[in-house]
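Below you'll find the structure, written out as structure tokens, and then a few comments.
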Amino acid sequence: MTDHAHDHGSVPQSLAEFWDDRYAGDGPIWSGRVNATLADVVTGLQPGRALDLGSGEGGDVIWLAQHGWRATGLDVSTVAVGRAARAAADAGIDPESARFHVQDLSTWHPDETYDLVCASFFHSPVDFPRTDVLRAAAAAVVPGGHLLVISHAAFPPWSDAQAHADHADHRLLSPDEERAELDLDPSEWTTVIAETRQRDATGPDGQQAVLDDGVLLMRRT
Ligand SMILES: C[S@@+](CC[C@H](N)C(=O)[O-])C[C@H]1O[C@@H](n2cnc3c(N)ncnc32)[C@H](O)[C@@H]1O
């Protein structure tokens, strides 16, 4: 994922406005490729129904569909959802295998169940109840299914860390802190992975850095 710099000084009021504005340019803002850690972790799982929270431009959903999953991506940005759907069509994916819907997850109640719920870099400078969303999504995981949360464990050096820090719900959590916040019933959930992984990344102006990603994989028993 490429994290382009943006101006937090002009953050619009609403979450949807913020993210539509963020996606407003001509071209994609992310790489379009699957997040490498998601591909690595999910490759070990039996394909089934998957849900991607904050699916952005669809790279993860498209990869899931290409690897046997029937995947749905939800995102608050109409622009991102349109771009994701076009990318899936351009990749020749069966529309039944990669579906995208506009949804503000702050007010969402799942009405389906999933073998995998994933969230990659589900962060936002505009506050939203992230942990509540993840907990609601966890409730939609079937027994034997998984919840995978991949997150920034530290801000990229090119991001506006202070602006992020000003938003209480946007603080970054280690995988162990994430697991503690989620507070899933230990009689129902087993931790499979809770670790920080490093990866090489390129910033918006070509800067090279090693980034820390938090990886939390929980299995519902
Ligand atoms: C940092 S981007 C990550 C996008 C994608 N998962 C990826 O890894 O490239 C965060 C995404 O979450 C979405 N988002 C943030 N808050 C949301 C909410 N409350 N409901 C739905 N989508 C949300 C944004 O529109 C954005 O696409």
- Message: It is to be established whether one or more residues within the range 65-85 are in contact with a Leu (Cβ under 8 Å, 6 or more places away or on another chain), farther than 16 Å from Ala137 by Cβ and without any contact (Cβ under 8 Å) to a residue 40 or more places away in the chain.
- Response: no
- For Pro143, which of the numbered conditions (1) farther than 20 Å from Gly58 by Cα; (2) open to solvent by 10 Å² or more (accessible area, probe 1.4 Å); (3) within 16 Å of the chain's Cα centre (by Cα) fails to hold? (3)
- Query: In the range 73-85, what residues are open to solvent by less than 10 Å² (accessible area, probe 1.4 Å), outside any loop (DSSP other than H, G, I, E, B) and either among the hydroxyl-bearing types (Ser, Thr, Tyr) or touching a Lys or Arg at 6+ places or on another chain (Cβ under 8 Å) (or both)?
  - Reply: Gly73
- Task: Kindly provide the set of residues from the range 95-114 that are touching a strand residue (DSSP E or B) at 6+ places or on another chain (Cβ under 6 Å) and under 14 Å from Val61 (Cα atoms), ordered by number.
- Result: Ser97, Ala98, Arg99, Phe100, His101, Tyr114
- Could you tell me whether any residue of the range 179-192 is in contact (Cβ under 8 Å) with a residue 60 or more places away in the chain and open to solvent by 50 Å² or more (accessible area, probe 1.4 Å)? no
- Message: Against the condition under 26 Å from Leu184 (Cβ atoms), more than 15 Å from the ligand (Cβ to nearest atom) and not hydroxyl-bearing (Ser, Thr, Tyr), how does Trp69 come out, does it pass?
- Response: yes
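Conditions tested, residue by residue: (1) of a type in the set (Val, Ile, Thr); (2) within 9 Å of the ligand (Cβ to nearest atom); (3) in contact (Cβ under 8 Å) with a residue 24 or more places away in the chain; (4) on the phi < 0 side of the Ramachandran plot.
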{"position": "Tyr23", "(1), (2), (3), (4)": "no, yes, yes, yes"}
{"position": "Pro28", "(1), (2), (3), (4)": "no, no, yes, yes"}
{"position": "Ser31", "(1), (2), (3), (4)": "no, yes, yes, yes"}
{"position": "Thr37", "(1), (2), (3), (4)": "yes, no, yes, yes"}
{"position": "Val42", "(1), (2), (3), (4)": "yes, no, yes, yes"}
{"position": "Asp52", "(1), (2), (3), (4)": "no, yes, yes, yes"}
{"position": "Glu57", "(1), (2), (3), (4)": "no, yes, yes, yes"}
- Residue list for the range 92-128, filter: more than 9 Å from the ligand (Cβ to nearest atom) and either under 13 Å from the mean Cα position of the chain (by Cα) or farther than 17 Å from Pro47 by Cβ (or both): Gly92, Pro95, Phe100, His101, His109, Pro110, Asp111, Leu116, Val117, Pro125, Asp127
- Note on the structure: Within the range 51-72, residues being more than 19 Å from Arg130 (Cα to Cα) and outside any helix (DSSP H, G or I) number 7
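The values are calculated or read from the model by the stated rules, or taken from the named source; none is laboratory data. Computed from a predicted structure; not experimentally measured. Neighbour counts are summed over all protein chains in view; Cβ atoms, including those assigned to glycine, are modelled from backbone coordinates with ideal geometry. When the accessible area is computed, the model is the full protein with side chains, heavy atoms only, and any ligands, DNA or RNA have been set aside. Shrake-Rupley method; radii C 1.70, N 1.55, O 1.52, S 1.80 Å.
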